[in-house]
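Below is one structure, written out as structure tokens; comments come after it.
The values are calculated or read from the model by the stated rules, or taken from the named source; none is laboratory data. All values derive from a computational prediction rather than experimental measurement. Neighbour counts run over all protein chains shown; Cβ positions are idealised from the backbone, glycine included.
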Amino acid sequence: MDLRSIVALVDDEQDGIAACAERGAISHNYNELSDHTFSKDYGKKCRLKSPKKSNGKILTMEMERLTRQEYGFIIAIASGLRSEDPHTQVGAALFERESGRLISSGYNGLSAGTNWVSEFNENRGLKADLIIHAEQNLNFRDPKVEKTLFLTMDPCGSCASLISSPLSNVKEVYSLKEYESDKEKKYQKIFDFYNIKFRRATAKELKNIYAYMNRASVNIDSILSNLT
Ligand SMILES: [Zn+2]
């Protein structure tokens with residue numbers, strides 16, 4: 001069963017909630033809060049660190065487990081955050097198609113050992129000529145393994161060719177948004193010709209990605225509070 005009912009307390013009990021969420025607790029039908037929550041599906045107990053009476057509101061959120069696609073998009077988004085390009089941050093995440101295991105992640109940027117120069121800020125064309133795209137920074141590894149690729153932006157024509165190469169062996173591409181500079185949508189012609197499946201994120205996937213990013217921020221708060 002995928003459906004997770006996560007009971008979130010506002011204010012001082014967020015730590016406990018984050019810990020429960022992290023362990024994947026599945027909890028149903030809370031009429032009142034105790035110092036334990038019980039997962040019927042996994043038979044695990046998840047202990048709230050600081051069980052207290054809530055002096056705030058109780059929020060109940062219905063959340064589903066991340067799909068492979070949602071997970072892939074989140075890894076791609078996180079990878080893009082590493083880019084040094086202040087104008088455009090693009091992320092890519094490459095997975096084994098069958099197992100769903102992560103193979104490589106990448107982001108747009110300069111080659112290792114080279115530094116961003118201020119000239120790029122005024123001369124965007126020069127930057128565009130020199131910067132290495134997120135897809136080009138992926139390590140595609142074993143050509144025999146079929147792969148699934150997640151991107152935060154549609155690929156340019158050159159990257160679509162790279163993706164379509166038999167050495168890359170990518171069978172599916174998922175993208176978050178349009179590459180506005182590519183009015184011709186060259187990637188579509190290339191992917192259609194080489195029979196590579198392509199689609200954008202659905203509205204439901206976007207909604208779930210936002211929800212899980214918010215949950216992740218709660219988890220980060222919890223981790224940091226344990227360190228201090
Ligand atoms: Zn490209």
(request) Among residues belonging to the range 165-184 that are surrounded by fewer than 19 Cβ atoms within 10 Å (Cβ to Cβ) and in contact with a helix residue (DSSP H, G or I) (Cβ under 9 Å, 6 or more places away or on another chain), point out the one that is modelled with the highest pLDDT. (result) 184
(request) Report, by residue number, each residue of the range 156-179 that is assigned to a loop (DSSP other than H, G, I, E, B) and more than 12 Å from the ligand (Cβ to nearest atom). (result) 165, 166, 167, 168, 169, 176, 177, 178
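Yes/no matrix, rows are residues, columns are (1) in a loop (DSSP other than H, G, I, E, B); (2) within 16 Å of the ligand (Cβ to nearest atom):
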position	(1), (2)
71	no, no
75	no, no
83	yes, yes
100	yes, no
113	yes, no
126	no, no
142	yes, no
148	no, no
154	yes, yes
(message) Take the conditions within 16 Å of the ligand (Cβ to nearest atom), modelled with pLDDT of 95 or more and over 16 Å from residue 92 (Cβ atoms) and apply them to residue 136. Does it pass?
(response) no
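Any residue at all in the range 180-189 that's part of a helix (DSSP H, G or I) and either under 21 Å from residue 99 (Cα atoms) or of a type in the set (A, V, I, L, M) (or both)?
no
Run down 108, 123, 137 and say which single residue is of a type outside the set (D, E, K, R) and surrounded by fewer than 18 Cβ atoms within 10 Å (Cβ to Cβ). Please lay out each step first, then the result.
Numbers: 108 fails: surrounded by fewer than 18 Cβ atoms within 10 Å (Cβ to Cβ); 137 fails: surrounded by fewer than 18 Cβ atoms within 10 Å (Cβ to Cβ).
Selected residue: 123, the only one of 108, 123, 137 that is of a type outside the set (D, E, K, R) and surrounded by fewer than 18 Cβ atoms within 10 Å (Cβ to Cβ).
I'd like to check something: does the range 125-133 contain any residue that is free of Cβ contacts under 8 Å to residues at least 40 places away in the same chain and either of a type in the set (S, T, N, Q) or not assigned by TED's automatic domain parsing to the domain that holds residue 189 (or both)? Break it down stepwise before answering.
Within the range 125-133, the subset free of Cβ contacts under 8 Å to residues at least 40 places away in the same chain is 125-126, 128-130, 132.
The next check asks that each one be either of a type in the set (S, T, N, Q) or not assigned by TED's automatic domain parsing to the domain that holds residue 189 (or both); those that pass are none.
Checked the range 125-133: no residue is free of Cβ contacts under 8 Å to residues at least 40 places away in the same chain and either of a type in the set (S, T, N, Q) or not assigned by TED's automatic domain parsing to the domain that holds residue 189 (or both).
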